[in-house]
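The values are calculated or read from the model by the stated rules, or taken from the named source; none is laboratory data. Nothing here was measured: the structure is a model prediction, and the numbers come from that model. Using ideal geometry, Cβ is built from the backbone for each residue, glycine included, and neighbour counts are taken over all protein chains shown. SASA here: full protein model, heavy atoms, side chains in, ligands and nucleic acids out. Shrake-Rupley method; radii C 1.70, N 1.55, O 1.52, S 1.80 Å.
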Amino acid sequence: MLFRSFVRVAALLSVVDAAPTERPSAPKGSAQALADPNYGPIPGQDPLYNDERGRAAPFPANFTAAILPTTHGPPGVDDQMWQNLLAAEWVIYAFYQNAVELFNKTSFEEAGYHNYTYDRIQEIRDNEAGHLRIFQNEISSNSVKPGACQYDFGLKDPTTFLAIATLLEISAMAFLTGLTQQAQLPFSRGALLAIGETESRHNTWLLIDVWKADPFGGPSDTIFPYANQILSTTSAFVVPGSCPPENPGFPTPDQHLPTFGVDKRDTSLTPGSHVYLDFSAPHHNLHFDAECEYYAVFFHGVTNITVPFNTKDNSTTIPAEFEEKGVIIAVIADKPGAPTQESVIAGPGIILEQPSFLAIALASA
Ligand SMILES: *[C@@H]1O[C@H](CO)[C@@H](O)[C@H](O)[C@H]1NC(C)=O
Ligand SMILES: *[C@@H]1O[C@H](CO)[C@@H](O)[C@H](O)[C@H]1NC(C)=O
Ligand SMILES: *[C@@H]1O[C@H](CO)[C@@H](O)[C@H](O)[C@H]1NC(C)=O
Ligand SMILES: *[C@@H]1O[C@H](CO)[C@@H](O)[C@H](O)[C@H]1NC(C)=O
Ligand SMILES: *[C@@H]1O[C@H](CO)[C@@H](O)[C@H](O)[C@H]1NC(C)=O
C-alpha cells in the first residue's frame, strides 16, 4: 500500500491565497511578517495549537505564501532538511484541514464514531499548524520558508479519511526517523524526535479510540533511513504547478523513483503473504535487466529483511518473520539490504499492518 494508490477523486482543497509579500518592511497581514519567529502565537505557549475550532485555517496556515529570506549568507546546516519537512507538513496539515472543511460532528457520529471525533480531528489539525510554525522558525533567515501548494486528497467519507490518517501518522513517524539521521545539529534531532512523538500520540488515539485496536506497535517503531523517498511519494497529493514559485523543489534532493502499489490479486498484506506489485503508471524508466538480480528489502522495527524479487511476475513475499504490528516499508533494490540510497530502484511502499483489517481496505481503495 502506498500513497499513490489512494483514490483521488474531485475533492480539491483550495487554500486561501495569502496577501502579496512585500520587502523589506513587511506590513501586518503579509506572510513576510512571519519571518520574525516572535510574530503570532508561539507553539507550546498558545492554546491556538491545541483547541482552535472551526473551518477557518488557523495561524500560520492563514498565510500560504512562501516566506522570503531576510538576511544574506550561507544556509543553516539543517535548513534543507527543515525545508523538506515544512513542505511535507503543508501536505499533512492540509489533509486535516481538508477533513475539517468537508466533514462535521454529525458526519463522524453518523459513520459510527464517538461524538468527540470531529473535535479530535480539529485538535490534530491545530497540532499540525503548530508544526508548520515550528518548522518555519527552524529554517534560518538566509533561506526561503516554503509556502502552501494546492493539494488533492480525494477525500469522500469519514472512514476513508480516518484510515488514511492512520497511515499518514505512522508514515510520518517513519520518515522522521530518517530525517533524524540527516540532521546535523543535536537540537534538530531532539526537535524531530519530539515531533515524531506527537505523531505517535495521534496514531495511538486513532488505534484505541477509532479502531478499538491494541495501541502497542511492538518494541520499536520502524526506522527508514531514506526519508526523502517517503516524502517524494507525498508529492503525489500536490496539484502540479500549484506551489509558490519561491518554494524549493520538494523534496530536495528527489530520486524520482517509480513507486508501486499492490495488485488486484493481493488479498493479504500480512507477513508471509505472497504479493504482486503494480508499478506506478507515469514511470516508464523502470527496467529490469535480465542479467541482474533484484531484491525486495523490507524494513520493520530496527531491522530489515531481504528476499528475492521475481521480475518475471513482479512478485515477492512479505517476510514471515515480522510481527503483524505497526508499519512495514518495502523497497526494490539492486543490492541486498539496500545499503545506499542509490541501490533503491523503486519504492518505498508503505504497508500498514495495524489494524490489519485496514491494510487491505486501504490497498484496494
Ligand atoms: C492569521 O491568524 C492570526 C492569529 O489568529 C491573526 O492574528 C492574523 O490576523 C490572521 N491573519 C490573516 C491574514 O488572516
Ligand atoms: C453536517 O453536514 C451535513 C451535510 O453537509 C449537514 O446536513 C448538517 O447539517 C451538518 N451538521 C452540523 C452539525 O453542522
Ligand atoms: C457525547 O455524548 C455523551 C453521551 O452519550 C454526552 O455526555 C457528551 O456530552 C457528548 N459530547 C459531545 C462533545 O457532544
Ligand atoms: C513488471 O513491472 C515492470 C515495470 O513496470 C513492467 O515493465 C513489467 O511488464 C511487469 N511485469 C509483469 C509480468 O507485470
Ligand atoms: C539492512 O540490514 C543489513 C544487515 O543488517 C545492513 O547491512 C544494511 O545496512 C541495512 N540497510 C539499511 C538501509 O539500513
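Going through Leu132, Leu162 one at a time, which residue ends up being more than 23 Å from Pro245 (Cβ to Cβ), surrounded by 19 or more Cβ atoms within 10 Å (Cβ to Cβ) and under 15 Å from the mean Cα position of the chain (by Cα)?
Every option except Leu162 fails the conditions.
Restricting to region 304-328, and then to whatever is more than 27 Å from the chain's Cα centre (by Cα) and of a type in the set (D, E, K, R), can you tell me which residue is nearest to ligand 1 (Cβ to nearest atom)?
Of region 304-328, the ones more than 27 Å from the chain's Cα centre (by Cα) are 308, 310-313.
Adding the requirement that they be of a type in the set (D, E, K, R) leaves 312-313.
On the way: Lys312: 57, Asp313: 54 Å.
Among residues in region 304-328 that are more than 27 Å from the chain's Cα centre (by Cα) and of a type in the set (D, E, K, R), the one nearest to ligand 1 (Cβ to nearest atom) is Asp313.
Pairs needed: first member in region 214-237, part of a loop (DSSP other than H, G, I, E, B) and open to solvent by 30 Å² or more (accessible area, probe 1.4 Å); second member anywhere, of a type in the set (A, V, I, L, M, F, W, C) and modelled with pLDDT of 95 or more; C-beta distance under 6 Å; at least 6 residues apart or different chains.
Pro215/Leu207; Pro215/Ile208; Ser220/Val302; Asp221/Met173; Ile223/Val302
Suppose the filter is in contact with a Lys or Arg (Cβ under 7 Å, 6 or more places away or on another chain), aromatic (Phe, Trp, Tyr) and open to solvent by less than 10 Å² (accessible area, probe 1.4 Å); does Tyr96 pass it? Break it down stepwise before answering.
Values: in contact with a Lys or Arg (Cβ under 7 Å, 6 or more places away or on another chain): yes; aromatic (Phe, Trp, Tyr): yes; open to solvent by less than 10 Å² (accessible area, probe 1.4 Å): yes.
So Tyr96 fits the description; yes.
What residue, of Phe95, Phe175, is within 20 Å of the chain's Cα centre (by Cα), within 16 Å of ligand 5 (Cβ to nearest atom), at negative phi and outside any loop (DSSP other than H, G, I, E, B)?
One residue alone meets the criteria, Phe175.
In the list Ala148, Ala172, which residue meets the criterion of being touching an Asp or Glu at 6+ places or on another chain (Cβ under 7 Å) and either free of Cβ contacts under 8 Å to residues at least 60 places away in the same chain or crowded, with 23+ Cβ neighbours inside 10 Å (or both)?
Numbers: Ala148 fails: touching an Asp or Glu at 6+ places or on another chain (Cβ under 7 Å).
Exactly one of Ala148, Ala172 is touching an Asp or Glu at 6+ places or on another chain (Cβ under 7 Å) and either free of Cβ contacts under 8 Å to residues at least 60 places away in the same chain or crowded, with 23+ Cβ neighbours inside 10 Å (or both), namely Ala172.
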